[in-house]
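S.K.: Here it is: the structure, laid out below.
What follows draws every value from the coordinates through simple rules; no lab data is involved. Quick caveat: nothing in here was measured; it's all calculated off a predicted structure. Glycine gets a Cβ as well: all are built from the backbone with ideal geometry, and neighbour counts include every protein chain shown.
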Amino acid sequence: AMEGRRNELQQLRQMVDEEADAELVTLAEEDATVVEGRLEEAEQALQQVILDHMSKQQEDVTKVILQIRPAAGGSEAGLFAEDLFRMYEAYSARQRWRWELLSNPHDSSVKEAVVRITGADAWEVLMLESGVHRVQRVPATERSGRMHTSTATVSVLPELQSPETVLNEKDLKIDNFRPGGPGGQAVNKSNAGCRITHLPTEITISIQDDRSFMLNKEKGLKILAERVYQFHMRAARNEWLSQQKSHVGTGDRSEKIRTYNFPANRITDHRIGLHVHNLDAVLDGELDKIVTELRLHKRHALLQEWAESE
């Protein structure tokens, strides 16, 4: 339908350019305006559907694991990691997310901090924080007043659901079958056996322990949930290792996604060329401007990806 409207609009514009009859030109212009409006509405609706589809996997994630580690810069990197830790803690409080320490920093210089954060949009927002963060400032321990450059790495991953909640009914294919082997005539003559396939992973469970199909199904779902959970656990571990090597980086200063420049009171997000000049406020948890710009940029990137695939 959209392709037809594009062709219709092209023909109307061609008529406006080539038609000599003024009355026909006017009618063509009016029709072109109507078609253009409908086409724009259809494209916006389609774009929203695409965005909803591409972000669907994020909507179901309510828990994330945030890991902060000092990288290049020695003790100053540890102090900066502590600053980032406090920044995300304050931002989480502003968002009314639950903040749960899994690995507690022992002092003001963080060696490694691991936190579970629970809340709506936590994954969609915090996934954009993964990478190398760089700080430029004169450390409190620096007697000569020389500015240092240090880094810390931030890693964010979604936390898997419990085994009881990993299965979605639409992802299951459930069949009954007539059990074989021992069990008596009552079992063998009924279709009490239950075979359940998890379509996304192709994991299949067959249960024929009971004379009741419903009881076999209940047992099968429990076993299947555990196996699917283990499958996702292995996948998450591999993703984590991959992220440490690639997305998060090694912590080298040249890999930074964002720079916190204290002398200039400026934060620069290098991915989108954004400059923010209220560094202290950001470190106090006021990340809204940065988050908004990053999400808009991500939305544009998704739409651009869709447009290029058309």
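S.K.: Here are some pairs, LYS256/LYS289; LYS111/LYS256; LYS63/LYS256; LYS256/LYS298; LYS111/LYS298; which of them have Cα atoms lying more than 22 Å apart in this structure?
M.R.: LYS63/LYS256; LYS111/LYS298
S.K.: Now a separate question. Taking the Cβ of THR201 as the centre, find all other residues whose Cβ is under 9 Å away and add up their charges (Lys, Arg: +1; Asp, Glu: -1).
M.R.: Taking every Cβ under 9 Å from that of THR201, the sum is -1.
S.K.: Which length gain, in nm to one decimal place, applies between LEU296 and THR204 when the Cα-Cα distance is subtracted from 0.36 nm times their residue separation?
M.R.: Answer, rounded to one decimal: 29.0 nm.
S.K.: Further question on the same structure: In which sequence would ARG146, ARG271 go, from the one with the fewest C-beta neighbours within 10 Å to the one with the most?
M.R.: Values: ARG146 8, ARG271 15.
Lowest count first: ARG146, ARG271.
S.K.: Further question on the same structure: GLY273: net charge of surrounding residues, Cβ under 15 Å, Lys/Arg +1, Asp/Glu -1, itself excluded?
M.R.: Result for the neighbourhood of GLY273: +4.
S.K.: Could you check the simple spin-label distance between VAL138 and VAL16, using points 7 Å along Cα→Cβ, in nm with one decimal?
M.R.: 6.2
S.K.: May I ask you to sort LYS170, LYS111 by Cβ crowding, counting other Cβ atoms within 10 Å and putting the fewest first?
M.R.: Sorted ascending by nearby Cβ count, the order is LYS170, LYS111.
S.K.: Continuing with the same structure: Around ASP284, under 10 Å between beta carbons, what's the net of Lys plus Arg minus Asp minus Glu among the other residues?
M.R.: Taking every Cβ under 10 Å from that of ASP284, the sum is 0.
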